[in-house]
Number of protein chains: 6
Amino acid sequence: MENERYFEDYEPGAMRKTLGRTITETDFVVHAGHTGDFFPHHMDAEFCAKSDFGQRIAHGTMTFAIGVGLTATEINPRAFTYGYERLRFPKPVHIGDTIHTTVTIGEKTPDPKRKGFGKVVEITETRKQDGSTVLYCEHILLVEMREPAK
Amino acid sequence: MENERYFEDYEPGAMRKTLGRTITETDFVVHAGHTGDFFPHHMDAEFCAKSDFGQRIAHGTMTFAIGVGLTATEINPRAFTYGYERLRFPKPVHIGDTIHTTVTIGEKTPDPKRKGFGKVVEITETRKQDGSTVLYCEHILLVEMREPAK
Amino acid sequence: MENERYFEDYEPGAMRKTLGRTITETDFVVHAGHTGDFFPHHMDAEFCAKSDFGQRIAHGTMTFAIGVGLTATEINPRAFTYGYERLRFPKPVHIGDTIHTTVTIGEKTPDPKRKGFGKVVEITETRKQDGSTVLYCEHILLVEMREPAK
Amino acid sequence: MENERYFEDYEPGAMRKTLGRTITETDFVVHAGHTGDFFPHHMDAEFCAKSDFGQRIAHGTMTFAIGVGLTATEINPRAFTYGYERLRFPKPVHIGDTIHTTVTIGEKTPDPKRKGFGKVVEITETRKQDGSTVLYCEHILLVEMREPAK
Amino acid sequence: MENERYFEDYEPGAMRKTLGRTITETDFVVHAGHTGDFFPHHMDAEFCAKSDFGQRIAHGTMTFAIGVGLTATEINPRAFTYGYERLRFPKPVHIGDTIHTTVTIGEKTPDPKRKGFGKVVEITETRKQDGSTVLYCEHILLVEMREPAK
Amino acid sequence: MENERYFEDYEPGAMRKTLGRTITETDFVVHAGHTGDFFPHHMDAEFCAKSDFGQRIAHGTMTFAIGVGLTATEINPRAFTYGYERLRFPKPVHIGDTIHTTVTIGEKTPDPKRKGFGKVVEITETRKQDGSTVLYCEHILLVEMREPAK
């Protein structure tokens, strides 16, 4: 729900953890159909049986979309997305893996180009049931300052 | 389809352009249901009518997933995704916008940590019908070298 | 298909039984995405493994929507839904359960407020393959009378 | 997210209001496909143009599933659904309507059959943009008592 | 529902007509995602605006799948599909068209290769609101004979 | 992508083979919901366990739609679909089967009714992992001639 916070309110190091969600074969099929990416790495179990992983692997775009989607429980009307940096997929997501995401407030810097706004980094990490990381990225927010820097 | 290319085969500056696709209200609803992100910016037309954009805006994760998905027409068995850098969403995607993506080969650098592999940047830009950019990102590929650097 | 019946034509005790349908993991994922309810009881297999049921349980709203949906094979142009009473979910539906619904005509009463109409109760019960009941509800129909009560 | 509350913690009259959501043609089509109910009242625009409403009307099961789904933002590990009473659909939902739900705590009563539990009624009302009510129902919760009645 | 009929029971010339269904943009998007066919004729409104039809046209495979799907209201346990002949799409289906299907019993012939079975042709025609035909095909059934030919 | 070919360019006997795709339970559920065909042969695992196949079988319309959909990787702006002949489903598709399609150019004939066009038959065969054929059909294309027959 709504949780209004200004630039000044973000505390580096603060962390929140989302609910978990099991990634199903359905998610693989829905994502292929949603994006048009039917590459055999995601969709052809016979092909994958002969690959290094031995089974289908999730689309990186799905791991990102669902990993980030899990965090969509708090709306801050003073913030919006500037972009994402350093997207990485250290371990693959397979059908049946259960993931959750942690968001940790990282660096905060006033934005020299946008008076009255600052950038806040949300370090976004998605892990699966064995503790390994399947998504790392840095979500850059532009957040309104309560008291604009002079 | 399959198009085998080694690190040496990527030519900086080479460009390819995908087919176009109209982003529909259905895509908005499917993406919300796929990711669990039902924020009113994407799903509540009344809320959006009073916002700056005046209408619903696409999830950034959808613009990314479909923008990148449009490029999934060529499989290179010698390459895999290392990550993405500098994801930006300069303009919003609205219901009814038609997008396509261009991929331009950028910088190529041998990978100091992985002997026999190099990094290739694919500059990925998604534009809509009015020519404005709705997604910019740098897709980093790890590509096998034909002749490993000594 | 169409099956026209007036209030007078409903016979208390008459019963019909629908086809069966296996509830799949896909249905769970589709329902979560359709309603926005991603509670871990339905979506997180790890969480559920530690719960009393030991596995994911269907959303009550899904058991109701599909249980009632199974009955949608006969349109009576003389009847429409007034409401539902006493919705209960005596046993949970798990992934892989096969359900069917029986509809039994219950009490019939003229509607004092709507001259020319009566209320007909359709006792709606959905059972799974082991015979246990997963949904009970009373569907109240408003049905036109052939010969309005004087 | 999790919000633990015992029977004693529910305050009759307390109210919460959900986010809004626009019901789209996509939702109509998804619900038909999910439930198997393809009745022309929901799916045939030509048929509906000649009906009293002049346009397609939402499945009651969808208004219920999404209306209740909107409330799924707080998990109380001390409560679970006992059932629903008095489901009514006073006004129809059409394509393009934007709905939100209010939940008001109603009557609280110790459960004579389940020692240590009480029943709490959540009066659930879904309204659309013009303020009219499209769903009314009473959600009956079974809630653990902090201090079981003697 | 079930409607048991033997080869002898099919009467050439007998006709049944299905309910109608409006084909929506959602159906276009779902079909593309289901089949992987994202050709611009179906998915790119800008491309189609410059084409002869001036708008998106339905996949032939969708017109067939939904046109035939509309007829799936009667199960005959004595019949199964042998194949389809002469599939044609005389007019295109556009977003918003409302279609229904008529099935007319055509030619009946004993099957020389399968003793005790005969072939029954179901002439399947799907029309839209202006009366024009969008699908024609001949559904060939293999039907058990009540009294096998000697 | 686009691959322009005139009638003269099609070489009988030329063959292409698509990527593979595993048909999932999700595809079964999506197809039922897309077409409205919820027959127990496709949707009721209990019913199917007692049938000859012992398990659910794919809708013929799905095998056709996905089998043909797999071939949608090359757009020829000089060709369009005239129809399909001899659709057959020699073996059933079950959940978990992996299919691919081969397209072989068959007979070519000038079209006596459409000056400047000819008909090209694409023999379309979909096979599963054990090599058996699950779909056979003849896709009839109308293709523009480079030099119209005099």
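Here F:Glu74 and E:Glu85 are evaluated by their C-beta separation; at R0 = 25 Å the FRET efficiency comes out at 0.40. Can you tell me the 0 to 90 degree angle between the C-alpha axis of helix E:25-35 and the longest principal axis of chain E, rounded to 10? The answer is roughly 70 degrees.
The F-E contact accounts for approximately 2600 Å² of buried accessible area, totalled over both chains at a 1.4 Å probe radius. Positive contributions from Lys and Arg (+1) and negative ones from Asp and Glu (-1), summed over other residues with Cβ under 12 Å from the Cβ of F:Gly83, come out at -1. The string of couplings for segment A:15-21 from the Karplus curve (6.51, -1.76, 1.60, θ = phi - 60°) is 9, 10, 10, 7, 4, x, 8 Hz, one whole number per residue in order, with x for Gly and Pro. Note on C:His139: accessible area approximately 20 square angstrom, rounded to 10, probe 1.4 Å, nucleic acids and ligands left out. I'd like the distance separating the alpha-carbon centroids of segment E:25-101 and segment F:1-69, in whole Å. Cα centroid to Cα centroid, the span is 14 Å. Here the Karplus curve 6.51 cos²θ - 1.76 cosθ + 1.60, taken at θ = phi - 60°, turns the phi angles of segment E:60-76 into couplings of x, 5, 6, 4, 5, 5, 6, x, 6, x, 4, 7, 7, 10, 10, 9, 10 Hz, with x standing for Gly and Pro.
Charges were assigned to the Cβ only: +1 to each Lys and Arg, -1 to each Asp and Glu. The resulting dipole of segment B:17-85 about its Cα centre is roughly 260 debye. With its label point put 7 Å out from Cα toward Cβ, E:Gln55 sits 1.7, 1.7, 4.3, 4.6, 4.7 nm from the same residue's point in the other copies, in order from shortest. Scanning residues 5 or more positions from C:Arg78 or on other chains, those with amide H under 5 Å from its amide H are C:Arg5, with H placed 1.01 Å from N in the peptide plane. Fraction of C-alpha pairs exceeding 16 angstrom in segment E:4-77: 61 percent, rounded to a whole number.
Could you tally the net charge around A:Val103, taking each other residue with its Cβ under 11 Å from the Cβ of A:Val103, Lys/Arg +1 and Asp/Glu -1?
Values: positive: A:Arg16, A:Lys17; negative: A:Glu74, A:Glu122, A:Glu125, A:Glu138.
Result for the neighbourhood of A:Val103: -2.
A viscosity of 1.002 mPa s and a temperature of 20 °C, combined with the Kirkwood radius over C-alpha pairs in the Stokes-Einstein formula, give chain E a diffusion coefficient of 128 µm²/s. When A:Glu8, D:Glu11 are compared by accessible area at a 1.4 angstrom probe, the order from most to least is D:Glu11, A:Glu8. Just the protein heavy atoms count here, and of the accessible area of the protein assembly as shown at 1.4 Å, carbon and sulfur take up 51 percent. Could you give me the ³J(HN,Hα) list for segment D:115-120, computed from phi with Karplus coefficients 6.51, -1.76, 1.60 and θ = phi - 60°, whole Hz, x at Gly and Pro? Listing the rounded values in order: 4, x, 10, x, 9, 10 Hz.
Do any trypsin sites (Lys or Arg not before Pro) in segment B:6-104 lie in a loop, going by DSSP, with at most 10 other beta-carbon atoms within 10 Å of their beta carbon, and if so which? Taking segment B:6-104 and a limit of 10 other Cβ atoms within 10 Å, the loop trypsin sites (Lys or Arg not before Pro) found are B:Lys50. In the structure shown, the pairs B:Lys113/C:Lys50; A:Lys128/F:Lys128; B:Lys128/D:Lys17; C:Lys113/D:Lys50; C:Lys128/D:Lys113 are assessed against 31 Å; a Cα-Cα span above that value is assigned to B:Lys113/C:Lys50; A:Lys128/F:Lys128; B:Lys128/D:Lys17.
Grab the DSSP H runs of chain A that are 4 residues or longer, score each as -39,500 (n - 2.57), total them, divide by all residues and round the 222 nm result to the nearest 500 deg cm²/dmol. Present the calculation step by step, with values, prior to reporting the outcome.
Numbers: 4 runs with 30 residues, N = 150.
My calculation for chain A gives -5000 deg cm²/dmol from helical runs alone.
Between E:Leu135, E:Thr104, E:Cys48, the Cα set farthest toward the positive side of the dipole of segment E:7-144 (charges on each charged residue's Cβ, about the Cα centre) is that of E:Thr104.
About its Cα centre, what dipole magnitude does the protein assembly as shown give when the only charges are +1 on Lys and Arg Cβ and -1 on Asp and Glu Cβ, stated in debye to the nearest 20? Could the numbers behind the result be given before it?
Numbers: 114 positive and 132 negative charges, 1 e Å.
For this selection, approximately 0 debye.
Here is how far apart the C:Ser132 label points are across copies: 3.6, 3.6, 4.2, 5.6, 5.6 nm, shortest first, using a point 7 Å from Cα toward Cβ.
Count neighbours as other Cβ atoms within 10 Å of each site's Cβ, and list the trypsin sites (Lys or Arg not before Pro) in segment B:89-136 that are DSSP loop with at most 16 such neighbours. Walk me through the numbers on the way to the answer.
Values: sites: B:Lys108, B:Lys113, B:Arg114, B:Lys115, B:Lys119, B:Arg127, B:Lys128; in loops: B:Lys113, B:Arg114, B:Lys115.
Loop-located and lightly packed - B:Lys113, B:Arg114, B:Lys115.
Charged side chains reduced to their Cβ positions (Lys and Arg at +1, Asp and Glu at -1) give chain B a dipole of some 380 debye around its Cα centre. Take the Cα radius of gyration of the protein assembly as shown and divide it by 2.2 N^0.38 Å, N being the number of residues; the result is 0.98.
Other residues whose C-beta falls under 12 angstrom from the C-beta of A:Thr124 contribute a net charge of +1, scoring Lys and Arg +1 and Asp and Glu -1.
Amide H contacts for C:Gln129 (H built 1.01 Å from N in the peptide plane; partners 5 or more residues away or on another chain; cut-off under 5 Å): C:Thr98. Positive-end ranking of F:Gly36, F:Thr71, F:Val121 along the dipole of segment F:7-144, with charges on Cβ about the Cα centre, is headed by F:Val121.
I'd like to check one number: the per residue accessible area of the protein assembly as shown, probe 1.4 Å, reported in Å² as a whole number.
On the way: 38670 Å² over 900 residues.
Result: 43 Å² of accessible area for each residue.
The values are calculated or read from the model by the stated rules, or taken from the named source; none is laboratory data. The model shown is predicted, which means the values in this text are computed figures rather than measured ones. Virtual Cβ from ideal backbone geometry, glycine too; neighbours counted across all protein chains shown. Heads up: the accessible areas ignore ligands, DNA and RNA and are worked out on the full protein's heavy atoms, side chains in. Shrake-Rupley method; radii C 1.70, N 1.55, O 1.52, S 1.80 Å.
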